[in-house]
Each structure stands twice: as C-alpha cells, then as structure tokens.
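Taking it in order: structure first as structure tokens, then the write-up.
The values are calculated or read from the model by the stated rules, or taken from the named source; none is laboratory data. Please read all numbers here as calculations on a predicted model, not as lab measurements. In this analysis, Cβ positions are derived from the backbone assuming ideal geometry, glycine residues included, and neighbour counts consider all displayed protein chains. Ligands, DNA and RNA are stripped out before the accessible areas are found, and what is left, the full protein with its side chains, is counted by its heavy atoms. Shrake-Rupley method; radii C 1.70, N 1.55, O 1.52, S 1.80 Å.
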Amino acid sequence: MTRFVLLPVMAAWAMLGAGALRAGANVWTSLGPQGGTVTAIAIDPQNSGAVYAASGARLFKSGNSGASWSALDPGPPCCIATLMIDPQTQSTLYAVTLDGNVFKSTDGGTNWSPVNSGLPVDAGGRYGITSLAIDPQNPTTIYAGNALRGGGVFKTTDGGESWNAANSGLPDGGVIALAINPQDPDTIYASTRGVFKSTDGGASWSAVNSGLESDIGNLGHPFSALAIDPQNPDTIYAAGFDTALYKTTDGGARWTVVGYELLFGYGRQADSVIAVAIDPRDSTKVYAGTSAGAFKSTDAGISWSAVKSRLITDTSGPLVISALAIDPRNPDTVYAIESDTRVFKTADAGASWTAVYSEPTTPRGLTVLRIDPQTSGTMYAGTPVGVFKTTNDGANWSAVNAGLPNDGNGHVYICTLAIDPQTPSTLYALYAVTSADVGFWVGGGVFKSTDGGVNWTRLNTGGQESNFYDLTRGLAIDPQNPSIVYVGNGYGVIKTTDGGASWRWVNSGFPVSPNFVLPNQNVAVTTLAIDPRNPGTVYAGVFGYSLTGSALFKTTNGGEAAFPRSWTSAGLTGFRYAEILAIDRQNPSTIYARAVIAESGLLFKSTNGGASWTAVNSGLPNNVTALAIDPRNSSTVYAGTGSGVFRSTDGGTNWVAANSGLTNLNVQVLLIDPRNPDTVYAGTHNGSVFAMTFAPEP
C-alpha cells in the first residue's frame with residue numbers, strides 16, 4: 001500500500017489579511033478548509049436512510065441513504081477518525097478525533113462535548129484513543145482502546161463521564177482495535193501485541209494468539225481490524241497492515257489464515273486488509289476492504305473475489321478501501337470509503353457501485369503551505385493530490401493542477417512549493433509520482449507556473465526526472481535574484497540561473513552515497529535553505545549517507561566552485577538524515593535542523609553557520625516536523641510536531657506545549673504573520689489550517 005511520508009518544510013514568510021483577524025487570542029481557531037479526507041462513516045441502526053460521513057474538519061449527514069448531504073454545524077471538533085452511534089438512542093453519537101480525544105453528542109451530531117475524564121494524556125496533550133466498543137445491551141458501558149505505550153483499555157459505565165483502566169493481563173503496549181460480543185457483552189477482544197480476550201467486562205485479559213504467532217513476531221501489534229460475526233460471536237476475523245487475514249471459530253482458541261486471494265487484486269498485491277464487514281443476516285457473506293480494492297466472500301472467508309476493486313472502473317487501477325459499513329436493516333447495501341476521498345454505495349451486495357459522497361475540493365494531507373507575499377489572503381497548499389489555492393484566507397480552496405501529471409490514481413504528490421518573492425504569480429513545484437501498478441515511487445521533477453498556478457509547465461532538468469523521490473523537499477529560490485533556483489533530488493543538487501530554462505549539477509564536495517551502486521550518485525537531498533543576506537550560502541540536508549558522515553552540507557559560493565570543492569560538511573554526524581527547518585532572518589548564522597536516527601527526530605541549533613550544534617529538545621516530543629522564528633525576537637520560536645505546537649521564549653532551550661483549541665495535533669507546517677508576528681498559523685496533516693494570536697495574559 002502506498003504510504004505518503006510527510007516531511008518538514010521551511011517556514012514561509014508572507015502577509016495575511018483577514019486570517020489574522022480571525023485568529024483566536026491564546027487559542028487555536030480553525031480557518032478552514034472545511035473538508036478533507038473522508039475518515040469515518042456510520043449508519044443509523046434504526047433508520048437506514050440516516051448516514052454520517054466525517055470529512056476533514058466537518059461531519060456530514062444524509063437523510064436519504066447518501067443521495068444528498070448537509071454539514072452539521074457547529075459539529076464536532078476537527079477531525080474524526082472513529083464514529084459510533086448508540087444502538088438504543090440514535091441521537092447519541094461518540095467520536096474519536098485524530099488526536100485521540102473522545103467527544104459525545106446527544107443531539108444527532110450537531111453539538112459535541114469532550115468526555116475524557118480519567119483517560120491518560122501524553123506530554124503533547126494527546127489522549128491516544130483509537131477505537132471504541134459500545135455494549136449493545138447497556139450502551140452507557142463503553143470500552144476505549146488507547147494506542148499510547150502503556151495505554152491499554154479504558155472503560156466507562158456512565159456514557160463517558162468518567163473512565164477507568166481495565167488493563168489487568170494486557171501487555172505494556174497500545175491497543176489499536178476492539179470488538180465486543182453482541183450476545184455476551186462481557187466478552188471483549190483487544191488488538192495489542194497480538195489479540196487478547198476478556199470474559200469479565202475488562203476486569204482481566206488473556207492472550208488468544210494460537211496461530212497468529214508468525215505475524216505477531218514479525219510486526220509486534222499488526223491487527224488493526226477486528227470483526228465479530230453477529231450471528232456466531234465465536235467467529236472473529238483479524239487483519240492489519242502487511243499481515244494475512246485470520247479467522248477463528250472458537251473465540252480465539254485457534255486462528256487460521258483465510259483468503260489467499262486477497263493477496264492479489266488487479267495487478268497489485270494487497271499488502272493490507274484494512275476493514276472487514278460481515279452480513280448480519282447471512283454470515284457466510286463477508287466483505288474486505290484492502291489496499292488493492294474491495295473483495296467479497298460468500299463462503300465465510302474460504303474464497304474471495306474482487307467486487308469492483310476500483311469501484312468506478314477496474315481498468316484504472318485499484319485504490320485503497322479504508323472503511324466498510326453494512327446497513328443492518330438492508331444488508332445488501334454496503335458503503336465503502338475509497339482512497340479517503342469518496343464514499344461509494346452498493347445496493348446489490350457489490351454487483352454495482354455508485355458514488356454517493358465526494359469530499360469538498362480542499363487540500364488533503366497538507367505537505368506544504370505557501371502564502372503570497374504581496375496579495376493578502378492568497379495561499380497555496382501542496383498535497384498528495386496536487387496543488388490547491390485560496391484567495392480568501394482558506395475559506396474556499398480550488399485545485400490548480402492543469403498541466404501537472406498524476407500516477408493513474410489521481411495522485412501527484414507535491415513535495416514542496418516555492419513562490420518567486422518578486423513576482424509571486426511565478427511558482428515552482430517539486431513533485432513525486434507513483435506507479436499505478438506497483439504502488440511505489442517511480443520519479444518526479446519540477447514544474448513551473450507563471451500565472452498563479454492556473455497552468456503548469458514541466459521544466460527540463462537535464463534528464464534527471466527519474467531522480468526525484470518523496471523524500472526530498474529540496475527547492476529554494478534566491479531571494480535577491482529569483483532566476484536562480486536550486487533543486488535537490490535523489491542524486492544531489494541541480495541549479496538554474498535562468499528561471500528553469502537550463503540546469504546543471506552543482507555537486508562538487510558531496511560524497512557518493514554507499515547506498516547507491518551506480519557511479520556519481522551523490523547523497524539524496526532532503527531540504528535546501530538559502531541565507532537571506534548572503535544568498536551564495538546554501539545549506540543542504542541529506543539522506544542516504546553513512547552514519548559516520550555528515551547529514552548536513554554547506555556552500556558559500558552557490559555550489560559553483562569545482563575545485564577543490566564547493567560543498568563542505570556542516571555537521572550533524574551520526575544521523576541517517578537531516579532536514580533544515582529554519583534560518584534566523586535577523587541572525588542568519590543561527591539555524592535549526594531536525595536530525596533523525598532510529599525513527600526519532602531530534603531538534604538541533606547552530607549559532608555559527610553549522611560549525612557546531614546543540615540539541616534543543618527540553619520539553620519537546622521526538623517528532624518535530626516544522627519550525628518558525630519570530631522575526632522581531634529570535635528568542636521566540638515555535639515548533640510543529642506530531643503532538644501539536646510547542647513554544648520557546650529562550651531560543652529553544654525550553655519548550656512548552658501551546659495546543660489550546662488545536663483539535664488536530666499532527667502539525668506539518670508553521671507560518672508567522674510578519675506584520676503581526678504574534679499570530680501563528682499551523683497546517684495539519686489532514687489539510688486544516690489553524691491560527692492563534694499569542695496575546696499577553698490579562
């Protein structure tokens with residue numbers, strides 16, 4: 001399954017208009033976009049026409065089985081990952097947001113309140129809840145799976161007003177999926193490092209892993225999907241990323257692999273079974289959502305066949321089916337979320353499908369945000385499906401992808417964007433594409449627009465298009481001479497001095513990466529940054545070099561010197577790769593960089609142009625993704641992380657979380673309004689943009 005990895009970007013410096021006025025004082029306020037990835041779907045068990053779909057920052061409801069939809073305002077906080085309906089009181093809904101908070105609505109989804117009392121929280125303010133299971137006989141009893149290390153299972157008996165741990169016997173690992181026996185609700189199953197079972201309402205747990213040992217040993221806790229047969233509750237299906245689909249018919253005493261046909265779907269291997277749904281009236285009918293489309297079994301999982309794996313046309317290639325929902329009153333009606341963009345519906349048990357919901361045209365999976373330095377309210381967003389533009393501070397977005405390629409599945413992954421500081425209608429985009437057949441990165445390149453993104457033209461980069469990968473955000477424009485542009489790719493740095501008409505390598509001094517077998521393949525470049533006062537000084541973060549070498553390089557002559565060499569080490573040895581996050585505009589010799597080893601990203605600071613570095617992580621989680629420096633006071637620095645936004649007032653020595661109102665903590669982008677530097681903008685993983693004005697406390 002293709003998985004997009006979102007890497008950090010340099011903070012963009014630009015002016016905003018009305019957006020700053022809409023920013024909350026000491027609280028994050030959502031500025032839009034009001035849409036995004038389709039993340040959850042739920043059907044009213046008593047009214048088949050009532051269907052809910054969570055998309056980005058909003059919750060939508062249909063009263064006519066998906067024929068039309070309306071947004072529920074004010075609705076829940078952004079952004080829902082799991083949605084469940086009380087089986088006895090349909091106006092009561094529970095939602096888990098992407099940052100692991102639990103919310104409850106008692107008026108059909110219009111108004112929501114948090115119900116987190118008693119749940120543990122990490123340093124970034126995350127509760128870590130990933131799954132819920134409601135007792136169908138006593139719906140005020142609910143179980144919550146906590147994915148944080150040591151989180152386990154929590155239980156409420158008062159509809160979420162208070163929670164208590166129910167972890168006795170569970171290993172010290174996060175729980176990512178839950179399932180409850182509908183006929184005996186004291187029997188619950190939890191997926192952690194394997195599958196565990198409780199028969200006493202969560203008071204105690206024991207492992208039920210016979211037959212699962214191979215996948216557990218390989219991946220630790222792979223089973224993200226658990227589904228119980230409502231007619232025969234001892235029959236359970238378990239699946240997850242890069243695992244087989246397993247089935248037990250004896251309540252977990254023994255598991256066996258079922259459905260080898262799921263490994264292949266329309267030319268692409270299904271490395272993941274993401275969702276399983278069982279017909280409540282005929283349990284021989286089972287549906288599976290996979291990374292290669294939708295499949296169906298009519299013999300209880302023994303054999304499988306694809307049911308319109310693309311759901312539109314099979315010839316265009318499979319897309320990921322991330323969720324399934326069966327109408328309990330009309331089981332031939334099934335809803336499927338396809339590639340996190342659309343909801344499809346079948347009324348004939350998979351024989352045919354129709355689209356019933358498409359997400360609003362807004363950014364998804366924000367990778368980069370750039371703001372026009374001259375036109376207030378105009379912003380550009382790079383996403384895994386192209387470039388989006390707004391001219392009203394994010395209230396409305398439109399795709400501006402004319403001329404950009406895609407991989408056959410509609411994906412053109414925008415690694416980064418750069419705006420000409422003197423002529424902002426000129427933009428550059430660095431992109432990567434995947435193969436529709438095999439699902440991995442096959443290349444990319446550079447495109448240019450001279451009309452504000454309306455049209456894009458491929459730049460000839462000297463035949464190096466195949467050397468661009470999703471790992472790089474190496475794109476930088478000389479602020480004094482915008483005809484000079486640097487691009488980093490899989491083999492080093494290329495440079496143009498004529499706005500992209502011609503390019504040449506400027507790699508002198510870069511080591512040849514030992515990871516490559518062909519000659520003259522230099523280290524891959526992750527990020528590029530230019531000294532705003534001395535644009536001949538350029539920094540490059542790199543990937544793919546040995547742990548004994550430098551992860552950061554520097555040139556003081558624009559990469560032009562061939563002898564003895566142009567690029568020299570700028571430190572950060574012992575890391576697999578480094579990414580430049582920000583250069584201090586007041587003191588350009590001060591640089592912040594993120595260096596990664598063993599999946600941990602540490603923040604470092606240099607005050608002498610890379611000659612030496614100091615770790616500045618006190619109070620920070622190890623997943624820093626973005627950084628912005630106050631242009632008036634370099635001591636004030638903001639860090640975006642996978643656990644929210646953190647602020648330092650002493651140049652990074654100490655950090656404090658600043659997440660009030662930030663309902664999606666997976667922050668990818670940070671911007672500061674240069675005309676009002678107390679106002680900070682945060683772009684999140686799902687494409688939502690938030691703003692906060694850091695005002696003095698009264």
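For segment 380-396, which residues satisfy the criterion of being modelled with pLDDT under 80, under 21 Å from Lys448 (Cβ atoms) and not hydroxyl-bearing (Ser, Thr, Tyr)? First the steps, then the outcome.
Step one: of segment 380-396, the residues modelled with pLDDT under 80 are 383-385, 392-396.
Remaining after also requiring under 21 Å from Lys448 (Cβ atoms): 383-385.
Pro384, Val385, listed by residue number.
For segment 195-214, the set of residues classified as of a type in the set (D, E, K, R) and either more than 26 Å from Asn164 (Cβ to Cβ) or under 34 Å from the mean Cα position of the chain (by Cα) (or both) consists of Lys197, Glu213, listed by residue number. Scanning segment 597-612 for residues that are open to solvent by less than 10 Å² (accessible area, probe 1.4 Å) and either modelled with pLDDT under 90 or over 17 Å from Ile530 (Cα atoms) (or both) gives Gly601, Leu603. Selection within segment 613-656: residues that are assigned to a strand (DSSP E or B), in contact (Cβ under 8 Å) with a residue 24 or more places away in the chain and open to solvent by 50 Å² or more (accessible area, probe 1.4 Å). The member of this set that is nearest to Ser589 (Cα to Cα) is Arg647.
Test Gly558 against the stated conditions and say whether it is closer than 30 Å to Ile129 by Cβ and either among the aromatic types (Phe, Trp, Tyr) or out of contact with any helix residue (DSSP H, G or I) (no Cβ under 6 Å at 6 or more places or on another chain) (or both). In short, no.
Would you check which residues across segment 331-356 are surrounded by fewer than 16 Cβ atoms within 10 Å (Cβ to Cβ) and at pLDDT 90 or above and list them? Quick ask: steps written out before the conclusion?
First pass over segment 331-356, keeping only residues surrounded by fewer than 16 Cβ atoms within 10 Å (Cβ to Cβ): 347-348, 351-352, 354-355.
Across segment 331-356, the qualifying residues are Ala347, Asp348.
Annotation: Thr663 fulfils all but one of (1) touching a strand residue (DSSP E or B) at 6+ places or on another chain (Cβ under 7 Å); (2) at pLDDT 90 or above; (3) among the hydroxyl-bearing types (Ser, Thr, Tyr); (4) open to solvent by 10 Å² or more (accessible area, probe 1.4 Å); the unmet one is (2).
Those residues that are surrounded by fewer than 16 Cβ atoms within 10 Å (Cβ to Cβ) and modelled with pLDDT of 85 or more, I need them from segment 498-544; list them, please.
Those that are surrounded by fewer than 16 Cβ atoms within 10 Å (Cβ to Cβ) and modelled with pLDDT of 85 or more: Asp498, Ala501, Ser502, Arg504, Arg533, Asn534, Gly536.
Selection of segment 82-122 for residues being of a type in the set (Phe, Trp, Tyr) and either open to solvent by 50 Å² or more (accessible area, probe 1.4 Å) or in contact (Cβ under 8 Å) with a residue 40 or more places away in the chain (or both) yields only Tyr94.
Condition check ((1) on the phi < 0 side of the Ramachandran plot; (2) at pLDDT 85 or above; (3) surrounded by 17 or more Cβ atoms within 10 Å (Cβ to Cβ)) across all residues:
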{"residue": "Ala270", "(1), (2), (3)": "yes, no, yes"}
{"residue": "Ala277", "(1), (2), (3)": "yes, yes, yes"}
{"residue": "Ser309", "(1), (2), (3)": "yes, no, yes"}
{"residue": "Thr361", "(1), (2), (3)": "yes, no, no"}
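Scanning segment 540-576 for residues that are in contact (Cβ under 8 Å) with a residue 60 or more places away in the chain and either touching a Gly at 6+ places or on another chain (Cβ under 7 Å) or at positive phi (or both) yields Ala540, Gly558, Gly559, Ser566, Trp567.
Applying the criterion of being over 15 Å from Lys104 (Cβ atoms) and open to solvent by less than 20 Å² (accessible area, probe 1.4 Å) to the residues of segment 61-81, the residue that is modelled with the lowest pLDDT is Cys78. Whenever a residue of segment 342-355 is free of Cβ contacts under 8 Å to residues at least 24 places away in the same chain, its partners that are of a type in the set (Val, Ile, Thr), lying with C-beta atoms within less than 9 angstrom and at least six residues away or across chains, give the pairs Ala347/Thr333; Ala347/Val334; Ala347/Thr354; Asp348/Thr333; Thr354/Thr346.
With the requirement that a residue be polar (S, T, N, Q), more than 17 Å from Lys197 (Cα to Cα) and modelled with pLDDT of 90 or more, what does segment 121-140 give you? Explain how you work it out, then say what you get.
Filtering segment 121-140 for residues polar (S, T, N, Q) gives 130-131, 137-138, 140.
Retained after the next criterion (residues that are more than 17 Å from Lys197 (Cα to Cα)): 130, 137-138, 140.
Gln137, Asn138, Thr140, listed by residue number.
Checking the structure you have, find out if any residue of segment 461-474 is at pLDDT 80 or above and either surrounded by 21 or more Cβ atoms within 10 Å (Cβ to Cβ) or more than 30 Å from Ala691 (Cα to Cα) (or both).
The initial filter retains those residues of segment 461-474 that are at pLDDT 80 or above, namely 474.
Next, from what is left, pick out any that are either surrounded by 21 or more Cβ atoms within 10 Å (Cβ to Cβ) or more than 30 Å from Ala691 (Cα to Cα) (or both): 474.
Checked segment 461-474: at least one residue is at pLDDT 80 or above and either surrounded by 21 or more Cβ atoms within 10 Å (Cβ to Cβ) or more than 30 Å from Ala691 (Cα to Cα) (or both).
Based on what the data block shows, is Asp215 charged (D, E, K, R) and modelled with pLDDT of 95 or more?
Working: charged (D, E, K, R): yes; modelled with pLDDT of 95 or more: no.
Against the criterion (charged (D, E, K, R) and modelled with pLDDT of 95 or more), Asp215 does not qualify.
Checking each residue in segment 151-166 for being buried (at least 24 other Cβ atoms within 10 Å of the Cβ) and either in a loop (DSSP other than H, G, I, E, B) or over 30 Å from the mean Cα position of the chain (by Cα) (or both) picks out Gly151, Trp163.
Run down Ile134, Ile188, Ile176, Ile180 and say which single residue is under 24 Å from the mean Cα position of the chain (by Cα) and not small (Gly, Ala, Ser).
On the way: Ile134 fails: under 24 Å from the mean Cα position of the chain (by Cα); Ile188 fails: under 24 Å from the mean Cα position of the chain (by Cα); Ile180 fails: under 24 Å from the mean Cα position of the chain (by Cα).
Exactly one residue qualifies, and that residue is Ile176.
Scan segment 476-483 and give yes if some residue there is modelled with pLDDT of 90 or more, crowded, with 24+ Cβ neighbours inside 10 Å, not in a loop (DSSP other than H, G, I, E, B) and not small (Gly, Ala, Ser), otherwise no. For segment 476-483, residues modelled with pLDDT of 90 or more, crowded, with 24+ Cβ neighbours inside 10 Å, not in a loop (DSSP other than H, G, I, E, B) and not small (Gly, Ala, Ser): absent. Contact map, segment 677-698: residues that are among the acidic types (Asp, Glu) paired with residues that are assigned to a loop (DSSP other than H, G, I, E, B) and at pLDDT below 80, Cβ distance under 7 Å, separation 6+ or inter-chain. Pairs shown: Asp678/Ala695. Looking only at residues in segment 228-268 that are assigned to a strand (DSSP E or B) and more than 22 Å from Thr192 (Cα to Cα), the one that is modelled with the lowest pLDDT is Gly265. Does segment 123-138 contain any residue that is touching a Gly at 6+ places or on another chain (Cβ under 8 Å), over 30 Å from Val656 (Cβ atoms) and open to solvent by 40 Å² or more (accessible area, probe 1.4 Å)? No, segment 123-138 contains no residue that is touching a Gly at 6+ places or on another chain (Cβ under 8 Å), over 30 Å from Val656 (Cβ atoms) and open to solvent by 40 Å² or more (accessible area, probe 1.4 Å). State whether one or more residues within segment 312-326 are at pLDDT 90 or above, open to solvent by 60 Å² or more (accessible area, probe 1.4 Å), among the aliphatic types (A, V, I, L, M) and not in a strand (DSSP E or B). No, there is no match, as no residue in segment 312-326 is at pLDDT 90 or above, open to solvent by 60 Å² or more (accessible area, probe 1.4 Å), among the aliphatic types (A, V, I, L, M) and not in a strand (DSSP E or B).
Among the residues of segment 139-150, those that are open to solvent by 10 Å² or more (accessible area, probe 1.4 Å) and of a type in the set (A, V, I, L, M) comprise Ala147, Leu148.
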